[in-house]
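Contents: one structure, followed by commentary.
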Amino acid sequence: MPIHPDNPIPANNTVTGLPAADMFTPGRAGGRDVLVWEGEAAAPTSPLPWHSSEPVEVFFHTGRGPGTRAEPQEFTRQLDRQLSALSLLSAERLLEGIRTYREQGREPMSEATRKARENFMNQVMRELVRVHRFSKPGARAKTAEINAALVVLHESDQITFGPSQPGMSASGHPSMGHKPVNSSIGSQGKPMATALEQAALAIPADQRPGVRILIRAVLTDSPKLTNQLRNGQVSLEPRSQTQQTSTSPRAPPWTPTKIASDIANNTTPWQTQPTSTQTQPTPPPRRRPPAPAGTPTRPPPYAAHPSHNQPQPPYANHHFTKPPHNQTPHQPPPTPPRTRPMTHRRRGHKRAREPGGLSGARTASNGRVAT
C-alpha cells in the first residue's frame with residue numbers, strides 16, 4: 001500500500017522525538033530512542049492464555065515524510081488500537097484471517113459503513129453550530145475539510161483479521177483516524193503478518209484455538225533502523241521487569257464532541273498538543289564577546305553620577321532628566337499671533353474734526369458724517 005501524500009491541512013505540531021503515549025513506553029535500539037508496546041501489560045484481558053512467555057516482536061516506523069513523522073502520537077494511538085484487537089484473536093483465528101486476506105484481498109467499504117461515517121461527521125457539524133456557535137456554512141466547510149483527511153479504521157487490520165468491515169463502538173460510532181498515518185501503518189503490515197503467521201504455525205495445531213499470540217511492538221522514527229530490527233541486524237536492548245510492565249496513558253476516543261472541540265480550538269484531532277515549554281522555548285541570553293586585552297572598559301551610563309553609587313531601582317537605566325526644584329524649566333518664547341491687529345474704528349466713537357474739513361459738517365452718533 002503506497003504511503004498517502006502528506007495531509008494538506010497545515011499543522012502546527014512541532015513536537016519532535018517519540019513521546020510515550022497509548023501504552024507505549026521508552027526503549028533503546030541501535031543507540032536510538034524507540035517506543036515499545038508490551039502485550040503483557042497493554043493488551044486487554046482475555047480468557048485465552050499467551051502462547052509463550054517470549055513475545056513475538058513486530059516493528060514499525062513513523063513514515064518517510066515530514067507530515068507523518070510529525071505525528072508520533074497518532075501512530076501510537078492507531079497502533080495501540082490495532083494491537084489490542086489483534087491480541088484478542090486466537091492463534092487459529094489469526095491464521096484464518098491471514099490466509100483469507102492473501103486469497104481474497106481487502107473488502108470494499110460497505111454502504112452501512114459509509115452511512116455510519118456520514119452520520120458521525122453530521123454530528124460533528126451539529127456540535128459546531130449548537131455548542132461552538134459556528135455558522136452553518138462555516139461548520140459545513142470545516143467538517144468537510146477534516147473529513148477529507150480521515151479514514152475509518154479496521155481494528156485489527158484486514159491483513160491479519162481478514163476481509164471485513166470496520167467495527168463500531170458501543171455508541172455506534174466508527175473508529176476514525178488520520179489517513180496518512182493509517183496508510184503508513186498499512187504499508188508496513190506485511191512483515192508483521194509474516195512474523196505472526198510463523199509464530200502461529202509453530203504452535204501445535206490442537207493448541208491454536210486455545211491460545212493467543214503475545215506481541216511486543218517497537219516503534220522507531222527511522223525506516224532504516226526498523227529494517228535493521230526486522231532483519232536481525234540490530235536488537236532491542238534488554239528490558240527490565242519494570243519496563244516490561246510499565247504503560248502510558250491512552251488518548252481519549254475520537255467522538256463527534258472531541259473533534260468539534262478540536263476544530264473550535266483551531267486545531268485538528270490528530271495534532272499533538274505541545275507543552276508550554278515546547279510551544280514557547282526560552283531563547284538563551286545574548287552575550288557580548290569579551291573585549292580584547294588592554295581595551296578600557298566603558299562604564300555604564302549612570303556610573304558617572306555620584307548618586308548612583310547607591311543601589312539603584314530597576315528603572316535606573318532609563319535616562320530622563322528632571323529640573324532642580326529651584327529652577328523653572330526652560331519655556332520657549334511665546335509665538336506671536338498670526339492674525340492682523342484690528343485697525344477699524346469701534347462704533348460709538350466720535351471722530352475728531354480734522355483741520356481743513358468741510359464747513360458746516362456734523363458728526364452723527366453712529367460715527368458717520370452728516371451733510
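Summary table below
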read-out: Relative compactness, region 24-263, computed as alpha-carbon Rg over 2.2 N^0.38 Å; value: 1.08
read-out: Full-stretch length increase - Lys224, Leu201 - with 0.36 nm per residue and alpha-carbon distance subtracted; value: 5.4 nm
read-out: Cα-projected label distance for Arg140 with Gln104, points at 7 Å along beta-carbon direction, nm; value: 3.9
read-out: Per-residue ³J(HN,Hα) for region 79-96, Karplus 6.51 cos²θ - 1.76 cosθ + 1.60, θ = phi - 60°, Hz, x for Gly and Pro; value: 5, 4, 5, 5, 5, 5, 5, 5, 6, 8, 7, 6, 4, 5, 5, 5, 4, 4
read-out: Pairwise centroid distance, computed over Cα atoms, of region 140-180 with region 98-136, Å; value: 6
read-out: Three-way shape call for region 18-122 based on the alpha-carbon gyration tensor, with the a/c threshold at 1.5; value: oblate
read-out: Three-way shape label, region 195-240, alpha-carbon gyration tensor, a/c 1.5; value: prolate
read-out: Normalised contact order of region 24-263, rounded percent, pairs of Cα under 8 Å and 6 or more residues apart; value: 42
read-out: Hits among aspartates and glutamates - C-alpha to C-alpha of Lys190 under 15 Å, sequence gap 8 or more where chains match; value: Glu57, Glu103, Asp157
read-out: For region 83-203, alpha-carbon Rg and Dmax in angstrom; value: 17.5, 59
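Rule-based calculations on the coordinates, nothing more; no lab input. Source: prediction; values computed, not measured. Backbone-built Cβ (ideal geometry, glycine too); neighbour counts: all protein chains shown.
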